[in-house]
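Engineer: Handing you a structure now.
Nothing in this text is a laboratory measurement; each read-out follows from the coordinates by a stated rule. Model, not experiment: these values are computed from the prediction. Cβ coordinates were reconstructed from backbone atoms using ideal geometry, including for glycine residues, and neighbour counts include every protein chain displayed.
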Amino acid sequence: MEKSKFIYKKDTYNAYDAQQIVFEACKYKSEITIESGTKRGNAKSIIGLISMKFVKGDEFTVYAEGADCRQAARGLADFISKLN
């Protein structure tokens, strides 16, 4: 299992953002979960991500387990932290 942290920097969060995260997560073979406090969601599930309600300044952890877990955790955390 691999993990990577990021801070959400966007002022807003909507279904389009969740969709972009799912598309990026699906590029990896690993199981990927995003977590912050009591919020937890499957990075490959748009419903799971929409319900998380990312808020600017919140710290999140990406957990990945599988063949490409190191690339998945780091890659997805970097992708989300750079969303515009």
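Engineer: How far is it, in nm, from the label point at residue 7 to the one at residue 19 when both lie 7 Å from their Cα along the line to the Cβ?
Structural biologist: About 3.0 nm separates the two model spin labels.
Engineer: Under a Cβ-Cβ cut-off of 9 Å, what is the net charge of the residues other than residue 60 that fall near it, where Lys and Arg count +1 and Asp and Glu count -1?
Structural biologist: Around residue 60, the charge tally is -1.
Engineer: Return the label of the correct value of semi-axes √(5λ) of the Cα gyration tensor in Å, as calculated from the structure shown, out of (i) 46, 15, 8; (ii) 18, 13, 12; (iii) 24, 16, 10.
Structural biologist: (ii)
Engineer: Hey, another quick one. What angle, in degrees between 0 and 90 and rounded to the nearest 10, separates the Cα long axis of helix 69-81 from the longest principal axis of the Cα atoms of the chain?
Structural biologist: It is inclined by approximately 20 degrees.
Engineer: Name the longest site-free stretch of the chain, where the excluded sites are trypsin sites (Lys or Arg not before Pro) in a DSSP loop with no more than 15 other beta-carbon atoms within 10 Å. Please list the in-between numbers first.
Structural biologist: Values: sites that count: 9, 10, 27, 29, 53, 56, 82.
With a cap of 15 other Cβ atoms within 10 Å, the longest stretch comes to 57-81.
Engineer: Same structure again: Which of the lysines could a cross-linker bridge to residue 56, judged by Cα under 16 Å and excluding same-chain residues fewer than eight apart?
Structural biologist: Filter leaves 5, 9, 10, 39, 82.
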